[in-house]
Structure formats: C-alpha cells, structure tokens
1. What are the ³J(HN,Hα) values, in whole Hz, obtained from phi via the Karplus relation 6.51 cos²θ - 1.76 cosθ + 1.60 with θ = phi - 60°, for each residue of the range 240-246 in sequence order, with x given for Gly and Pro?
2. When the chain is fully extended, how far beyond the present Cα-Cα distance does Asn155 get from Asp111, taking 0.36 nm per residue of separation?
3. Taking the highest mean first, how do the peptides 184-196, 214-226 order by number of other beta carbon atoms within 10 angstrom per residue?
4. If you plug each phi of the range 73-89 into the Karplus form 6.51 cos²θ - 1.76 cosθ + 1.60 with θ = phi - 60°, what whole-Hz ³J(HN,Hα) values come out, in order, with x for Gly and Pro?
5. Quickly work out the Ile32-to-Asp290 label distance, labels modelled 7 Å from Cα along the C-beta direction, and quote it in nm with one decimal.
6. For the range 1-127, what relative contact order do you get, as a whole percent, if you take Cα pairs closer than 8 Å and at least 6 residues apart?
7. Once fully extended, how much extra length lies between Ser317 and Gln89, figured as 0.36 nm per residue of separation less the alpha-carbon to alpha-carbon distance?
8. Modelling each spin label as a point 7 Å along the Cα-to-Cβ direction, I'd like the Leu131/Ala100 distance in nm, to one decimal.
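The values are calculated or read from the model by the stated rules, or taken from the named source; none is laboratory data. It should be emphasised that the depicted structure is a prediction, and the values quoted were computed from it without experimental measurement. Glycine also receives a Cβ, built like all others from the backbone with ideal geometry; neighbour counts cover every protein chain displayed. For accessibility, only protein heavy atoms count, side chains too; no ligands or nucleic acids. Shrake-Rupley method; radii C 1.70, N 1.55, O 1.52, S 1.80 Å.
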Amino acid sequence: MPKARSQLISLQDTPFYHCVSRCVRRSYLCGIDAYTGISYEHRRDWVENRLLELSQAFAIEICAFAVMTNHTHVVLHVDEQKAKAWSTQEVLTRWHRLFAGTDLTRRYCVDELRSTLTSAELSQVDNKASLYRNRLADLSWFMRSLNEYIAREANKEDECTGRFWEGRFKSQALLDEQALLSCMAYVDLNPIRAGMAKTPEKSDFTSIQMRIRAALKGKQPERLKPFSSNDLGTHSLPCHLNDYLELVEFTGLALKEGKVGAIPACSGTLLQRLNIDLSNWIELTEGFEDQFCHLAGRLHSLQHCRQTDGLHRIRGSGNAKRLFGA
C-alpha cells in the first residue's frame, strides 16, 4: 500500500526531492508516436514553461529537470523559510499569478480598494494568505499545479477526457549532497541514456542545457537554483558550477561508450569530495531512480532519517553502503 505523502516528505530531514511523473499506459507526453506518426514535441514547451513559471510563484526552486517522451524528472528545493518571510501582499501576488483567489484577496491587492475592507474582511484575507503561504511551500501543490495544467492541455488537444498521469507522482527524498548531486546528474543525463541527444548541450528541454547556454555567457539561469561560483553557501547548490558541468560532461562520455572509462583529474575533485568511487558514480547516474526507494543518501543519512521518524527498517541501506561508501 502506498505511503501517505506526509510520510514521504519531511522538510526537517531534507528540503531536496526528486519527483517523477509518468503518463498513464505509457501514453505520449512528448515525442513522435511511432504508430500514428503524430508529433507531440511541442508539449515539451508546455512542461518547461510551466515549470519555470511555477518556480517564480512558489517558494520552491528547480535544481534539475528533464522532459522525456512519457515522463518528467524534476529535482526541487523547498525553501520554507522564504515563504514565511513573505508579506501578505507578496503571498497574494504570487498566488494570483497562478490561481484566481477570492474576491476579497483580489480587492486587497488593489491599493485603492484595500482601504475599503472592513476588519472582518481583512481577517478573512489574512486567513486565506496563511493558507496560500503554506501551499506555496508545498511540494504536492507544486506538482499538482504542474501536472493538472499539462493534463488539461493534453486532453484538450487530444479531444478526450480521463486520467493522463499514472496516479500521484513518485518522490525521493535526497538526504545529503552525495544523493543530491548524483540524482541531478542522473536527471541531466536522461536524454543521453535514452538516445534522444548525443551531448548535454544538445539535450533539449533539460536543466543542463539551460546551464550550459547561460555559462557560455558567464551567467547562471535565473530560474534555476544556482551553483556556487565562489564560496559554497546555504543559498546555492553544494559544489562549484564548473565542477558539476565538467563532471556531467565526462560522465556522459563514459555512459555513451558503454564503459566506465577515465574521468580527467579536472573533474576528480568533486568525486573525491563526495567520496564516491568512479564505478559507483557511473552506476548511480545510470539508474539512480531504481537504486533507492523514497529516501536516498549515505547510510548514516538514512539511519538518522529513520530514527527521526521512529522507524527501524531502512529500505535501500544496502545500495547506500555499496554506492556511497561507509
């Protein structure tokens, strides 16, 4: 029996999550249907644009994403403290970018009308803002806002009704930086493993392509969670941008050749810091989703998370020890 989402997502354990949504009956989300010849490639734009739009409204940052033919991968960072710091006006403005809200919340956002609200009406607005604030820092609401939108658009185009996605999305909690960075590389290399692209920069509708294009201009994508360019900080991903781009590039070459190969020393610093063996890294980036269940990380991270939950059985402990080391 599936676990309740509240048991799978705990911001006390980690703010980072890998989410996967698959189309029902392996239907085409994107790509070209081999039987009918119908192209659904334009739907990749729908997914990418909606993802980036949601990141501007929610207190949730995108670390990595890949839009495949019948499923999507997203690695997300939930910034709960950011949402708590928003004013009522900020919460309502963000909510109204995506949803209609109520007549009172819309009136509150207009300076000329706000002063006409009674104390009782202002209290109702505060209650609504509190509800919206929680939702804007809620992973399930983020994925719901993505998947429902895509399902409606696809069903409208296909002139049909009914379920488009395979139930709820799958989520994996990424408990430490080893799990986070290996999962991001797994997501970024998905199109290469699937034969959809030959190199990361040609992997359309992926975060790695966005990062490479921005890096060529000496920048980082504004709508993706940034890597550190200098000192590692709490507001950036836990490694330097160049290290990550080089590591993904050479990992992609190793995967393409079908063997481990040798990653040059310029990328070795990141693997050494993560304390992950090269062959284990290749295995992780080939099949991260299948190596772990709902929790991913080093063995001590899994043990700490289970102790917090009061549970003793640790699924994935064998792979954690084998792939990430003791």
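1. 7, 4, 4, 4, 5, 4, 5
2. Numbers: separation 44, 0.36 × 44 = 15.84 nm, distance 3.92 nm.
So the chain would gain 11.9 nm between Asn155 and Asp111.
3. On the way: 184-196: 21.6, 214-226: 14.4.
So the order, starting with the most tightly packed, is 184-196, 214-226.
4. Couplings: 10, 9, 10, 10, 10, 8, 9, 5, 5, 4, 5, 5, 7, 5, 6, 4, 4 Hz.
5. 2.8 nm
6. Values: 131 pairs, mean separation 27.6, N = 127.
After rounding, I find 22 percent.
7. Numbers: separation 228, 0.36 × 228 = 82.08 nm, distance 4.53 nm.
Gain on extension, Ser317 to Gln89, equals 77.5 nm.
8. Between Leu131 and Ala100, the label points sit 1.4 nm apart.
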